Amino acid sequence: MSRWLRKAGIGLILIALALALAVLVNTLRLPGLPAAGAGLSSPPAGLDAAVKRLSAAIQVQTVSSSPMQASAENSFPAFHKLLEESFPRVHGALKREVINGSSLLYTWQGTDPSLAPILLTAHMDVVPVEPGTEGSWTHPPFSGAIADGYVWGRGAIDMKHVVMATLEGIESLLAEGGAKPKRTVLLAFGHDEEIGGEAGAKAIVDLLEQRKVRAMFSLDEGSAILDGVIPGATRQIAQIGLSEKGGLSLLLKAKAKGGHSSMPPQQTAVGKIGRAVSLLEAHQMPATLDGPGGKGLLGVAPALPFGMRVVLANQWLFGPILIRQLSASPVTNALIRTTTAPTIIQGGVKENVLPSEATAVVNFRLAPGDTVAQVKAHVEQTIADPDVTFTDWRGPGVEATSVADMNGPGYKLIAEAIHAIAPDAVVAPGLVVTGTDSKHYGRVSDAAYRFAPMRLTPPDIVRIHGTNERIGIVNYGELISFYTALVRASAM
Ligand SMILES: [Zn+2]
């Protein structure tokens, strides 16, 4: 071997060693696992009575299924009455306003008006039980049955548990001697989240905006303590949603000459619409690891096996491979990009008639960072066919929300309250891929977080809006402790 070759060989080995060292250093720089500190060892006082109150709340059928459903409206006075009877101290000390007849806004006035309030939110409505599935429930969906260590029924985890646990927490703080908070605490409970929140959360936010309220942070549903949900994770992951995706549906229209199918042109309207849809599926919006979805994966890294930590900590090197892998699974793909979903296609009425028009609807879910205008430009460039045009389908589309700061004081307070009930959980940021009322609440806070401390395993996730919705009694006690700790630390 020539001297030159030997030198080159040594040079290559040194480069490889330096690379390996950089990869290792980056991996070791990741935050470590939280020490298994002392959490709350005992459930909150009076948990049995609190569980009975939650059961009673589930029995009031506050169902939202369509904007015009009068029966749901009618169930709210009964629900309000139940809250009044369940939490006498709250209703003595806090101002309560009824918005649009059904939603509730409570104000616990702080003694220091210079402090921005905190805004704790939840929705009181629930989705209907899918007709025909009633018999598959272990306990009837509106029974509020307390059995086998759980409270069962519609709303147990979406999300009367948060409405009730938040009020339990404030009731217990008031019972401690009538202490007043320094910082104002606002509680906003909407009544129509499951159908968009227009009459509930949006109206509450309009009122808060009129009053020039800017909250230090807001907290709503959106994510949870995930147990075994993230493949490979050795710890439970408490995921705090920083943002939620936007949405846009486009109606694509392909035009062509009609006529008899015996002499078709090279491409028909059906062929053109099929080509357009297929192009959109093949050319997705670009993926990024820099958004809240990607940051969330990095946040989860401490709980993952060493090999995965190496990859996640060295995105400068493994980024393209990582994106390819994440794109392959629908769940992780939705976290790193705006998704493209063709959902309706139509055209033609008879087998021997060429249709002059064929249409398709494509639904996009926008990741933070992508705008409605950018998605439309992408669609235009990708299809690039003068015979295929598109328009908005049922509305102009909704942008993704802004992204709350994962280093802000609200995030830290929520993380501390999580560690009070789940000391060894890894707290990580995340992106919420479905809609919540926080698309409205974000208007009165730059720090809209989305998290509730229910512990969810993979089978629990399908109980949300599904059959056998339930919450563990121990977990419900943790919820009460969490909201008590959070209000105490941020407002008292
Ligand atoms: Zn919900």
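How would you classify the range 352-492 from its alpha-carbon gyration tensor, with a ≥ b ≥ c the square roots of the eigenvalues: rounded for a/c under 1.5, else prolate if a/b is greater than b/c, otherwise oblate?
On the way: a/c = 3.52, a/b = 2.04, b/c = 1.72.
In terms of gyration-tensor shape, prolate.
If the cut-off is a Cα-Cα distance under 20 Å, which aspartates and glutamates reach LYS95, setting aside same-chain residues fewer than 8 apart in sequence?
GLU84, GLU85, ASP112, GLU168, GLU171, GLU176, ASP206, GLU209
Using packing as a proxy for protection, rank 81-87, 428-434 so that the peptide with the highest average count of other Cβ atoms within 10 Å comes first. Please list the in-between numbers first.
On the way: 81-87: 16.0, 428-434: 23.0.
For the peptides 81-87, 428-434, the packing ranking is 428-434, 81-87.
Taking a 28 Å limit on the Cα-Cα distance, which of the listed pairs LYS272/LYS439; LYS295/LYS439; LYS180/LYS439; LYS180/LYS295 fall beyond it?
LYS272/LYS439; LYS180/LYS439; LYS180/LYS295
Mind checking the full-extension length gain between ALA78 and GLU357? Use 0.36 nm per residue of separation minus the Cα-Cα distance, one decimal, nm.
95.2 nm
By how many nm would the segment from LEU115 to VAL25 lengthen if fully extended, with 0.36 nm per residue of separation less the alpha-carbon distance?
Stretched fully, the LEU115-VAL25 segment lengthens by 28.2 nm.
Where does each of 254-267, 226-239 land if you order them by average Cβ count within 10 Å, highest first? Each step should come with its number before you reach the end.
Details: 254-267: 13.1, 226-239: 18.5.
The most tightly packed comes first, giving 226-239, 254-267.
With point charges of +1 on the Cβ of Lys and Arg and -1 on the Cβ of Asp and Glu, referenced to the Cα centre of the range 42-130, which listed residue (VAL90, HIS123, VAL60) lies farthest in the positive direction of the dipole?
Selected residue: VAL90.
In nm, give the distance between the simple-model label positions of THR343 and GLU176, each being 7 Å from the Cα along the Cα-to-Cβ direction.
With each label point 7 Å from Cα toward Cβ, the separation is 4.5 nm.
For the range 171-280, what is the relative contact order in percent, using Cα pairs closer than 8 Å and at least 6 residues apart in sequence?
11
What does the helix-only formula give at 222 nm for the chain: each DSSP H stretch with n ≥ 4 adding -39500 (n - 2.57), the total divided by the residues, and the result rounded to the nearest 500 deg cm²/dmol?
Details: 16 runs with 193 residues, N = 492.
Taking each H run of at least 4 residues, the total per residue is -12000 deg cm²/dmol.
Give me the distance in nm between label points sitting 7 Å out from Cα along the Cα-to-Cβ direction at HIS283 and THR371, one decimal.
2.1
Explain nothing, just the number: relative contact order of the chain, from Cα pairs under 8 Å at least 6 residues apart, as a whole percent.
Relative CO of the chain lands at 26 percent.
Can you give the local net charge around VAL229? Use residues other than it whose beta-carbon is closer than 15 angstrom to its beta-carbon, Lys and Arg +1, Asp and Glu -1. Please report the intermediate quantities before stating the final value.
Working: positive: ARG235, ARG455, ARG463; negative: ASP227, ASP460.
Taking every Cβ under 15 Å from that of VAL229, the sum is +1.
Are there trypsin sites (Lys or Arg not before Pro) in the range 274-359 that DSSP marks as loop and that have at most 13 other Cβ atoms within 10 Å, and which are they?
Numbers: sites: ARG275, LYS295, ARG309, ARG324, ARG337, LYS350; in loops: ARG337, LYS350.
Filter output for the range 274-359: LYS350.
Which percentage, to the nearest 5, of the DSSP beta bridges contained in the chain is antiparallel? Don't skip to the end; give the middle numbers.
On the way: 44 of 66 bridges.
Percentage antiparallel, nearest 5: 65.
Rounded to a whole number, what is D in µm²/s for the chain from Stokes-Einstein with the Kirkwood radius over alpha-carbon pairs (10 °C, 1.306 mPa s)?
63
Can you give the extra length, in nm with one decimal, that the chain gains between LEU33 and GLU134 once fully stretched, where that is 0.36 nm per residue apart less the Cα-Cα distance?
32.1 nm
Give the shape of the range 191-319 as rounded, prolate or oblate, defined through the alpha-carbon gyration tensor: a ≥ b ≥ c are the square roots of its eigenvalues, a/c under 1.5 means rounded, and otherwise the shape is prolate if a/b is larger than b/c and oblate if not.
oblate
Need one number: nm distance between label points at MET263 and ILE461, each 7 Å from Cα along Cα→Cβ, rounded to one decimal.
Going by the 7 Å Cα→Cβ label model, 5.6 nm.
Please sort by residue number the GluC sites (Glu not before Pro) in the range 152-194 whose DSSP state is loop and whose Cβ has at most 12 other Cβ atoms within 10 Å.
GLU176
Please compute the contact order of the range 162-220 in relative form: average sequence separation of alpha-carbon pairs under 8 Å and at least six residues apart, divided by the residue count, as a percent. Write out the running numbers ahead of the final one.
Details: 21 pairs, mean separation 10.0, N = 59.
Result for the range 162-220 is 17 percent.
FYI, it's all coordinate maths here, none of it is from the lab. Since the structure is predicted, the reported quantities are computational estimates derived from the model, not experimental observations. Positions of Cβ are generated from backbone atoms using ideal geometry, with glycine treated the same way; all protein chains shown enter the neighbour counts.
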